[in-house]
Amino acid sequence: MIKLTYAIMLAAICAPSAFAAEKEDVRPKVYTDIVACRSVDDAAARLQCFDTATKALETATTNRQIVMLDQGDVRKTKKSLFGFALPNIPFFGESAKDQANEFKEIEGELANVQALPYGMYQFTIEDAGTWQTLDGTSAFLKNGKKFKIKRAALSSYLLVVDNKGIRVKRVS
């Protein structure tokens, strides 16, 4: 019976990764059309192909059917989502493992610190929303104080200020 339980658990763990390996990287048609133009041998026909394909890309971006982001925009978006419980988002062009490892912590200075009842605080972080402490604390939080928020166990977050850890949650 124990061996059967282990076999079922192993199958359940391996099934999602096997499914993910089968998924194909699907690109938009306007992108594949541009790439296909490189295989055209005749120079004039290749130029015509590129002109047509880039015009289609321009139209798609103008109509907001395709959105292009540079790496800086992607990192800024990821930082702004830190602290939210979101599924793995395939829009960033990375594997789930890469996404999970991207932002494990953020650092900065506290802003708009407000004292709440029972020794708790609410504060904002530039580009990373509003947070609240979950427990009363003897630590004194004030505007401009350096901090680090780390991912902790069981989808929780830990604010580290003056080498003291305080459990926090993102509220907006």
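We did not get these values from a lab; they are worked out from the coordinates using the rules stated. If you're wondering where the values come from, they're calculated on a predicted model, not measured in any experiment. Here the Cβ is made from the backbone with ideal geometry for all residues, glycine too, and neighbour counts use every protein chain on show.
By how many nm would the segment from Leu134 to Thr52 grow when fully extended, if each residue of separation counts as 0.36 nm and the alpha-carbon distance is taken off? Mind showing how you got there, number by number?
Numbers: separation 82, 0.36 × 82 = 29.52 nm, distance 5.66 nm.
Here the answer is 23.9 nm.
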**Message:** Please list 3J(HN,Hα) in residue order for the range 147-155, calculated via the Karplus relation 6.51 cos²θ - 1.76 cosθ + 1.60 where θ = phi - 60°; whole Hz, with x for glycine and proline.
**Reply:** 8, 9, 10, 10, 5, 10, 5, 6, 6
**Complete:** Charge tally for neighbours of Lys169 with beta carbon under 15 Å away, counting Lys, Arg as +1 and Asp, Glu as -1, is +3
**Request:** Obtain the nm distance between the two label points defined at Lys146 and Ser172 by a simple spin-label model: each point lies 7 Å from its Cα along the Cα-to-C-beta direction.
**Result:** 3.0
**Message:** How charged is the neighbourhood of Glu105? Take every other residue with its Cβ under 10 Å from the Cβ of Glu105, and add Lys/Arg as +1 and Asp/Glu as -1.
**Reply:** +3
**Prompt:** Taking every pair of alpha-carbon atoms in the range 105-170, what share in percent sits in each 10 Å bin, from 0 to the bin with the longest distance?
**Reply:** 23, 64, 14
**Request:** With r as the distance between the Cβ atoms of Ser39 and Thr59 and R0 = 35 Å, compute the FRET efficiency 1/(1 + (r/R0)^6) and round to 0.05.
**Result:** 0.95
